[in-house]
Each structure stands twice: as C-alpha cells, then as structure tokens.
Amino acid sequence: MTNKSGKLIVFEGIDGSGKTTQLKRAAAWLLAEGYTVETLREPTNGRYGRRLRESALSGRVSPEEERDLFVQDRTWNVKTNIRPALEAGKIVLLDRYYFSSIAYQGARGLDLADIRARNEAIAIKPDLVLLFDLDPETALQRIERHRGETPNLFEGLEYQRRVRAIFLSLPDPFLVLIDAAPQAEEVWGRVRAEIGKSLGIRPFVRE
Ligand code: TYD
C-alpha cells in the first residue's frame, strides 16, 4: 500500500538489542532537525496489543492465535495511527512491525511466507527498516542488567536464537543491518547516517 507523503522508519531486532534507545535518540535528533515526528510501537496499547502483553506475562496463546492477534493489532495501528501520521507528512518511527511477526511467530514454527502474506495484505511498506543485530547471550545480559527485569516468555535464549536467524534471513531491499554490539554512541552514528541517507539529510549540516 502506498498513498503517503511522510516516511515510515522501523526499528527491529531481538529483545535487548537496544533498538528502543536508538529510536528515542533518532526522535530527538529529527525534531531538532525540524521534522514532525511520531513515535509508535507494536504491540500497541490498543485492545489487541494489551491482550498480547498479558499473554507474554501469563502463559502464551497458540502460535496461530498469536499471529492473528498481532495482525489485528497491526491492522488497528495502521488505520488509527500510522496511515494518518504519514498522510499528515510526519516521520513515523516505529518500534517493531511485521518483521517481528515473521521472526517471532516464525520461530514458533509457523510458515514464514504465510505470515508475511497476511501482514503485507494490511501493512504499509516501510521506507527503511533498521535491524539491530546482537547475539542473544549479550542481549539477555543487557536486559537483566539495564532493565533489572526477569526476561518474559518471549525472551528464552534458544527462542531468541531462532528469532535472530530469521531476522538475518529477511531479503527486503529496504532493510539495513546494524551491528548492535558496540557502545550505544557508536551504534547511534550508524543509525543517524542511515536515517540521514534515507531522508536526504546532508551529514553534519543543518538545514
Ligand atoms: P517489546 O518490543 O519487547 O515490547 P515491550 O518492551 O513494550 O514489552 O515486544 C514484546 C514482545 O512481543 C517481544 O518479545 C516481541 C514480541 N512480538 C512478536 O512476537 N510479534 C510481533 O509481531 C511483535 C510486534 C512483537
């Protein structure tokens, strides 16, 4: 689906890869550059998103039900938030999108092409996807140290390995791999360069 004047930039990666930290930096930078920015995330805080969060804490639903709930949540998000923001000419920074469905629900054994088809039927294609890649051991350590959290059911190590492998196999031309292992500052340099390239912002020059 097209028909938009803004830009859709997606942040993807396994849990603990640091994508959310980078998204916040990108939002602050783009605002300072004079862009109108909207930050969104999936699962959303809407009806289906809340159900998904509850299921992550209490015991998971079947892979098929999970796949369908994510599609319902995303359908709602596209209609209510993403499309209106793009039509208003905004830069939308989105924390997770349908690539997470392919990777996470695919890692539960569902057919990747089928998950993709169901999602591409309802989703707006992004302009850029930044895929933050990190080995799952390091990601888990980051979650435990920085967030002081016990990983939830989405975050088991073996599962994260399968999720990572699927992320790395995605062939989409708008997807850029970002090595998430270095310090946040170094990763940010790369993120800024990629977003700058995509939006046509000249390096180190303010408009
Ligand atoms: P996450 O970004 O970690 O949200 P929060 O930090 O606010 O809890 O997302 C929660 C989990 O949902 C995460 O482990 C990945 C999973 N997920 C899927 O399995 N499929 C999807 O389509 C999406 C968007 C997320």
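Just so you know, all these numbers are worked out from the coordinates, no wet-lab data involved. Note that the structure is a prediction, hence the values are computed from the model and not measured. So basically every Cβ, Gly included, is an ideal-geometry build from the backbone, and we count neighbours across all protein chains shown.
Using a 7 Å offset from the Cα along the Cα-to-Cβ direction at both residue 64 and residue 45, what is the distance between the two label points in nm, to one decimal?
Taking the two extended label points, one gets 3.4 nm.
Determine the dipole magnitude for the stretch 35-169: charges of +1 sit on the beta-carbon of Lys and Arg, -1 on that of Asp and Glu, nothing else is charged, the reference point is the Cα centre, and the result goes in debye to the nearest 20.
The calculation lands at about 280 debye.
Which one, 82, 148, 134, is farthest towards the positive end of the dipole of the chain when Lys and Arg carry +1 and Asp and Glu -1 on their Cβ?
Value computed over the given set: 82.
For a label point 7 angstrom out from the Cα of residue 87 toward its Cβ, which stretches of the stretch 121-138 have the backbone nitrogen within less than 16 Å?
123-125
For 35, 104, which order do you get if you count the other beta carbons within 10 Å of each Cβ and list the fewest first?
Result, fewest neighbours first: 35, 104.
Quote to one decimal, in nm, the extra length available between residue 181 and residue 193 on full extension: 0.36 nm per residue of separation minus the C-alpha distance between them.
Answer, rounded to one decimal: 2.6 nm.
Could you tell me what percent of the DSSP beta bridges with both partners in the chain are antiparallel, to the nearest 5?
Within the chain, antiparallel bridges account for around 0 percent of the total.
Treating cross-link reach as a plain straight distance, find the lysines whose alpha-carbon is under 19 Å from the alpha-carbon of residue 79, omitting any fewer than eight places away in the same chain.
Correct list for residue 79: 4, 7, 90, 125.
Please work out the FRET efficiency for the pair residue 79 and residue 5, using the Cβ-Cβ distance as r and a Förster radius of 30 Å; give the result to the nearest 0.05.
0.95
Tabulate in residue order the Karplus-calculated ³J(HN,Hα) for the stretch 171-180, using 6.51 cos²θ - 1.76 cosθ + 1.60 with θ = phi - 60°, rounded to whole Hz; enter x for Gly and Pro.
Using θ = phi - 60°, the values come out as x, 4, x, 8, 9, 10, 7, 10, 6, 8 Hz.
What shape does the stretch 76-207 have by the C-alpha gyration tensor, where a ≥ b ≥ c are the square roots of the eigenvalues, rounded means a/c under 1.5, and otherwise prolate means a/b greater than b/c and oblate the rest?
Oblate is the answer for the stretch 76-207, as a/c is 1.5 or above yet b/c matches or exceeds a/b.
Is the C-alpha gyration tensor of the stretch 1-133 telling us rounded, prolate or oblate? Criteria: a/c under 1.5 is rounded; beyond that, a/b larger than b/c is prolate, otherwise oblate.
Because a/c hits 1.5 or more and a/b exceeds b/c, the stretch 1-133 counts as prolate.
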